[in-house]
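Here's the structure we're looking at; comments come further down.
Quick note: the coordinates plus some simple rules give every number you see, no bench work behind them. In this text, all values refer to a predicted model and were calculated from it rather than measured experimentally. Here the Cβ positions follow ideal geometry from the backbone for every residue, glycine too, while neighbour counts run over all protein chains shown.
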Amino acid sequence: MGKSRAKPPILTLAPEQEREALDTLKRFLEDRFELQLGSFEVAEVLELFTKEIAPHYYNRAIFDVQNHLKERFESIESDLWALEKN
C-alpha cells in the first residue's frame with residue numbers, strides 16, 4: 001500500500017497568528033502537562049489540529065451561518081409580503 005497524500009490545511013494563519021498559536025500551545029502543554037516540547041514538535045501538534053480538527057469547527061461555523069442567513073432571509077421575505085398591496 002502506498003503512502004497516502006498529506007491532507008492540505010483547510011485554514012491558514014498569517015505568520016504572526018501562527019507564532020501566537022505556537023506560543024500559546026507550547027505554554028499550555030508546559031503548564032498543564034509539564035511537557036517541554038521544542039519548536040518542531042509544537043508545530044507538528046498545531047499542524048495536526050489545523051488539518052484534522054479545525055475543519056470540524058470550520059464546517060460547524062458554515063452550518064451556523066447558513067442557518068442564521070436562512071432565518072434572516074425568511075424574515076425579510078415575510079416583511080416583503082407584508083408590504084404587498086392588494
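Here are the numbers:
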| read-out | value |
| --- | --- |
| Segment D31-K70, extension gain: residue separation times 0.36 nm, minus the distance between their alpha carbons | 9.7 nm |
| Rounded Å value of the spacing that divides the Cα centres of segment 15-60 and segment 63-86 | 40 Å |
| Cleavage-rule hits (trypsin sites (Lys or Arg not before Pro)) in segment 3-58: DSSP loop, at most 11 neighbouring Cβ within 10 angstrom | K3, R5 |
| Net length gained if the chain between E47 and A61 were fully extended (0.36 nm per residue, minus Cα distance) | 3.0 nm |
| For E20, net neighbour charge (Lys/Arg +1, Asp/Glu -1) across residues whose Cβ lies under 13 Å away | 0 |
| The chain, dipole about Cα centre (Lys/Arg Cβ +1, Asp/Glu Cβ -1), debye to the nearest 20 | 380 debye |
| Computed lengthening from A54 to W81, 0.36 nm per intervening residue step minus Cα-Cα distance | 5.7 nm |
| Low-density loop positions, GluC sites (Glu not before Pro), segment 12-86 - DSSP coil, at most 15 other Cβ in 10 Å | E34, E84 |
| Degrees, to the nearest 10: 39-48 long Cα axis against longest axis of the chain | 30 degrees |
| The chain, relative contact order [Cα under 8 Å, separation at least 6], % | 32 percent |
| Signed unit charges on C-beta, dipole axis of segment 15-83, positive-most listed residue H68, Q36, H56 | H68 |
| Net charge, V45 excluded, C-beta distance under 12 Å - Lys, Arg +1, Asp, Glu -1 | -2 |
| Environment charge of Q36, counting only residues whose C-beta is closer than 10 Å and scoring Lys/Arg +1, Asp/Glu -1 | -2 |
